[in-house]
Amino acid sequence: MGSSPLPVSLQSKLQKPQRFSLLRDYQGNLNILRNIVFAFFLLRIFRKSFYFLRGHGPIGSVLVLYHQLHKTAYKLFLNMPGVKQQVSKQLEIAKKDMEEKLVPSGPGTNHYRSLPKEPWTKEQLHTELESLAAMKRTRWEEGKVSGAVYHGEDSLLDVQSEAMRLFSVANPIHADVFPAVRKMEAEVVAMVLALFNAPESGAGATTSGGTESILMACLSARQKGYAERRITEPEMIIPNTAHAAFHKAASYFKIKLHTVACPAPEYMVDINKVRRLINPNTILLVGSAPNYPHGIVDNIPALSRLAVSYKIPLHVDCCLGSFIMPCLSKAGFPSPWADEGGFDFRQPGVTSISVDTHKYGFAPKGNSCILYRNRQLREYQYFICPQWAGGVYGSPSIAGSRPGALIAGCWASMMSVGEKGYVDACHKIVSTKLTIENAVREHPALKETLQILGHPMVSVVAFDSVDAAISIYDIADGMSKRHWHLNSLQDPAGVHVAVTLPMTRPGAVDGLIDDLVAVVSDEKERAIERLKAGGPIETGKGTSAQLYGVAGSLPDKSIVEKMAVAYLDTLYKA
Ligand SMILES: *Cc1c(COP(=O)(O)O)cnc(C)c1O
């Protein structure tokens, strides 16, 4: 010790050949680098865990992990040899069932699987079209279908057919060739912007339907997040009652999706849970006005306050609400959140709204609008390809060529119905919804068995069974047998009716209530018989009961997924 005055580190440097020392320095730096990378890695995990824990809460986090585990275990179980065979056997039966229901067969049905060699005559075509139109189907004209056909009067169909015939070759991608369609599209957007109280800066586009409008809103928000905040792992937060199109957007555009519960008794999105899930990767908040399952309008003012304070875009899905929502107060009904500033662009946090002109706007199917607070937000949905060999290419939404005929049909519908027509329609539709709602709440034969979900204020009313011995899906199947086409819901279980103009025709809604009373009393009797027999509560054998009652209650949705795939495949069976 003490033989050298030099510090140890320097000593070693001087003693070793230069070459090694360089290598060692290099290795030292590499170690530091590795440590930094490792630290970042840890930080990332820590950050992710932190946001996960904060988002779901300690109990919620455990539950999420538990469900994940449960699902995985169940998936393994389904793949066990014996079970797997049983499942595929059941699936085959279900497929056969679907085919029988969907694909007509037997004598008298012609199948065309290749082009006719000779062109058909006008008469031939007419005859075949007539017989196609007469195919056995649900009678929406009698008001027995929930949703689906929103207007359907001949007078409006005539207006649309004329407009569509005049513009059936038109394609707005060639604005110079079809100036009229460009003009009509711009005017449709302007009129819808005005209905939703857009500011001067407002901008929008027409799309092929609500799904495309929602895809565009999510894309715009994702592009904005990347362009302005360099978000590369985007996340969005939606109510679990929001439309499936948001799941589609998340899947198409690789956006992580958080779904937030909408607890009873109001069935609106839980604002505190939304707040807890917000993190630096959040690109979009969503509220529905109203949602599809229960017809409930989320607390848009509260979502708007979150959007403003965290500087995050907020989309309001008014696809279903379409022209009913802006007409409510003029039609004499309370308008949701009117005393807190409304549900549309009057809320400062609302940055985009989707509005289906092909629902309560009564336009032909294939029409919707996406509205933005400003042009910049719309620009984020544009697709531009300046280097394409076919020339500089720009298109506003998913499609390239678009049907000018549909835009003309939409414009003509809006002009011929007019504000007065929409307010009248709103009055009829919401009054009919009230009739159904009141019957379920007050009719002595219904009120002890059924229960309205929340306080629906628009055109949809949903209900569930409060009698543990009666499954709502058996009621849905009972209504199907009586030729009603209502919609089954899950999580929570329920059935809904979306009232449209055909259902407001005299007698239609009374028929609905009479049949509901009959079905409920049938189910009550069956429940009593089951009780007498002392057996377990057995669910029915109908489609709804099967799909939602049995398959829907399994933790792993792979069986339901396979059934859905089989259904889609069946649609293409010529
Ligand atoms: C119908 C609907 C949509 C969009 O559906 P499309 O079938 O694509 O037009 C979106 N949100 C809600 C609430 C809807 O009811």
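Quick one: how many residues across the range 399-444 are at negative phi and either of a type outside the set (A, V, I, L, M, F, W, C) or assigned to a loop (DSSP other than H, G, I, E, B) (or both)?
Taking the range 399-444 first, the residues at negative phi are 399-417, 419-444.
Filter again for either of a type outside the set (A, V, I, L, M, F, W, C) or assigned to a loop (DSSP other than H, G, I, E, B) (or both), leaving 399-404, 409, 413, 416, 419-422, 424, 427-428, 431-433, 435, 437-438, 441-444.
Within the range 399-444, residues that are at negative phi and either of a type outside the set (A, V, I, L, M, F, W, C) or assigned to a loop (DSSP other than H, G, I, E, B) (or both) number 26.
With respect to Val460, determine if the residue is in contact with a His (Cβ under 8 Å, 6 or more places away or on another chain) and within 16 Å of the ligand (Cβ to nearest atom). Let's see the steps before the verdict.
Numbers: in contact with a His (Cβ under 8 Å, 6 or more places away or on another chain): yes; within 16 Å of the ligand (Cβ to nearest atom): yes.
Here the answer is yes, as Val460 does meet what is asked.
Of Leu132, Leu91, Leu102, Leu125, which residue is over 30 Å from Ile559 (Cβ atoms) and within 36 Å of the chain's Cα centre (by Cα)?
Values: Leu91 fails: over 30 Å from Ile559 (Cβ atoms); Leu102 fails: over 30 Å from Ile559 (Cβ atoms); Leu125 fails: within 36 Å of the chain's Cα centre (by Cα).
Result of the check over Leu132, Leu91, Leu102, Leu125: Leu132.
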Do you know which residues across the range 366-380 are open to solvent by 10 Å² or more (accessible area, probe 1.4 Å) and either within 16 Å of the ligand (Cβ to nearest atom) or in contact with a strand residue (DSSP E or B) (Cβ under 7 Å, 6 or more places away or on another chain) (or both)?
Gly366, Arg373, Asn374, Arg375, Leu377, Arg378
Can you find a residue that is in a strand (DSSP E or B), touching a residue at least 60 places away in the same chain (Cβ under 8 Å), within 18 Å of the chain's Cα centre (by Cα) and within 16 Å of the ligand (Cβ to nearest atom) anywhere in the range 274-284?
yes
Looking at the range 125-142, can you tell me whether even one residue there is surrounded by 20 or more Cβ atoms within 10 Å (Cβ to Cβ) and touching a residue at least 24 places away in the same chain (Cβ under 8 Å)?
no
By residue number, the members of the range 445-483 that are in a loop (DSSP other than H, G, I, E, B), open to solvent by 10 Å² or more (accessible area, probe 1.4 Å) and under 30 Å from Ala331 (Cα atoms) are Lys447, His455, Met457
If the Cβ limit is 8 Å and pairs must be 6+ apart or interchain, which residue in the range 100-115 that is farther than 15 Å from Thr570 by Cβ pairs with which residue that is among the hydrophobic types (A, V, I, L, M, F, W, C) and open to solvent by less than 90 Å² (accessible area, probe 1.4 Å)?
Tyr112/Ala574; Arg113/Ala574
Where Cys218 falls short, out of the listed (1) away from the ligand (no atom under 16 Å from the Cβ); (2) within 15 Å of the chain's Cα centre (by Cα):
(1)
Hits in the range 329-360 (condition: assigned to a loop (DSSP other than H, G, I, E, B) and within 16 Å of the ligand (Cβ to nearest atom)):
Pro336, Phe343, Asp344, Asp356, Thr357, His358, Lys359, Tyr360
Residues (out of contact with any His (no Cβ under 9 Å at 6 or more places or on another chain) and in contact (Cβ under 8 Å) with a residue 12 or more places away in the chain) located in the range 405-418:
Ala405, Ile407, Ala408, Gly409, Trp411, Ala412, Met414, Ser416
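May I ask you to verify whether Ala363 is within 14 Å of the ligand (Cβ to nearest atom), more than 19 Å from the chain's Cα centre (by Cα) and in contact (Cβ under 8 Å) with a residue 40 or more places away in the chain?
Numbers: within 14 Å of the ligand (Cβ to nearest atom): yes; more than 19 Å from the chain's Cα centre (by Cα): yes; in contact (Cβ under 8 Å) with a residue 40 or more places away in the chain: yes.
So Ala363 fits the description; yes.
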Residue in the range 311-319 that is in contact (Cβ under 8 Å) with a residue 40 or more places away in the chain, within 16 Å of the ligand (Cβ to nearest atom), part of a loop (DSSP other than H, G, I, E, B) and buried (at least 24 other Cβ atoms within 10 Å of the Cβ) present:
yes
What residue, among those in the range 241-256 that are touching a strand residue (DSSP E or B) at 6+ places or on another chain (Cβ under 6 Å) and away from the ligand (no atom under 15 Å from the Cβ), is nearest to Cys218 (Cα to Cα)?
Ile255
With respect to the numbered conditions (1) farther than 22 Å from Cys327 by Cα; (2) at pLDDT below 90; (3) open to solvent by less than 70 Å² (accessible area, probe 1.4 Å), which one is the sole condition not fulfilled by Phe167?
(2)
Close pairs (7 angstrom Cβ cut-off, 6 or more residues apart or separate chains): in the same structural domain as Gly321 (by TED's automatic domain parsing) and basic (Lys, Arg) in the range 287-309, in a loop (DSSP other than H, G, I, E, B) and away from the ligand (no atom under 11 Å from the Cβ) anywhere:
Arg305/Gly349
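Can you name every residue in the range 181-197 that is touching a residue at least 24 places away in the same chain (Cβ under 8 Å) and either within 16 Å of the ligand (Cβ to nearest atom) or open to solvent by 30 Å² or more (accessible area, probe 1.4 Å) (or both)? Can you show your working first?
Taking the range 181-197 and keeping what is touching a residue at least 24 places away in the same chain (Cβ under 8 Å), we get 181, 184-185, 187-189, 191-193, 195-197.
Listed by number, the residues that qualify are Glu187, Val188, Met191, Val192, Leu195, Phe196, Asn197.
The values are calculated or read from the model by the stated rules, or taken from the named source; none is laboratory data. Worth saying up front: this structure is predicted, and the values here are computed from it rather than measured. Methodologically, a virtual Cβ is constructed for each residue, glycine included, from the backbone with ideal geometry; neighbour enumeration extends over all protein chains shown. These area figures cover heavy atoms from the full protein model, side chains too; ligands, DNA and RNA do not enter into them. Shrake-Rupley method; radii C 1.70, N 1.55, O 1.52, S 1.80 Å.
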